[in-house]
Amino acid sequence: ISAKIFTEYLIGWNGHAITIPIFNQAGEISFFKYRKDPDDTSDKSKYWYDTGSCAELYGWEHIKEPKPSLVICEGELDKLCLESNNIPAVTSTGGARTFKDQWITALKDSQSVLYICFDNDEVGVEASGYLAERFPNARIIEIPKGEGIKDVTEYIKKYGKDKFLELGDNA
């Protein structure tokens, strides 16, 4: 994730975790999502939210100002990785299986060409199928299994943006 994107999306550090402010549809901070220190090997949860938070679409800015194409991905860090590579993206803050009807309507109304790119595990494949039913014109970008790669961030890190875009061209 580029320094530009860290600054643009106000990503921070609170001394224990990466802090990700989550903005609602009105552009106001709704809550913070936290990602534990990548060096922390404890059993502590990898992600957590502020108390009282509910799932939000992370990336409303791309619906307010539609882009020609938009990737629906699985997770905030995947979104930030895509953004670092000038690929507009949105994600649910509630995990792959959480995608509200309101978001589906907003994305359909955006007129962007939609790509769905979730993790290549069982949950990601299932969630991709669920969204593909709701967005029949969307293209599914499958992250190839193998070599320890499970998501878009790992794929781009290993193969680069151009190889990822080739996956999109062949979706």
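Across segment 38-47, a minimum of one residue is classified as more than 10 Å from the chain's Cα centre (by Cα), outside any loop (DSSP other than H, G, I, E, B), under 27 Å from Tyr115 (Cβ atoms) and not basic (Lys, Arg). Note on segment 108-162: residues that are in contact with a Pro (Cβ under 7 Å, 6 or more places away or on another chain), in a loop (DSSP other than H, G, I, E, B) and surrounded by fewer than 16 Cβ atoms within 10 Å (Cβ to Cβ) amount to 1.
I'm checking my understanding of the structure. Among residues of segment 61-85 that are free of Cβ contacts under 8 Å to residues at least 40 places away in the same chain and within 17 Å of Ile11 (Cα to Cα), which one is most open to solvent (accessible area, probe 1.4 Å)?
Glu61
Cβ separations smaller than 6 Å between residues 6+ apart or across chains give no pair from segment 34-47 residues that are on the phi > 0 side of the Ramachandran plot and of a type in the set (Ser, Thr, Tyr) to residues that are modelled with pLDDT under 90 and open to solvent by 50 Å² or more (accessible area, probe 1.4 Å).
If you filter segment 1-46 down to residues that are more than 16 Å from Ser92 (Cα to Cα) and in contact with a helix residue (DSSP H, G or I) (Cβ under 6 Å, 6 or more places away or on another chain), you find that the one that is modelled with the lowest pLDDT is Ile1.
The values are calculated or read from the model by the stated rules, or taken from the named source; none is laboratory data. Worth saying up front: this structure is predicted, and the values here are computed from it rather than measured. Note that each Cβ is placed from the backbone with ideal geometry, even for glycine, and that neighbours are counted across all protein chains shown. Please note that ligands, DNA and RNA were not included when accessible areas were found on the heavy atoms of the full protein model with its side chains. Shrake-Rupley method; radii C 1.70, N 1.55, O 1.52, S 1.80 Å.
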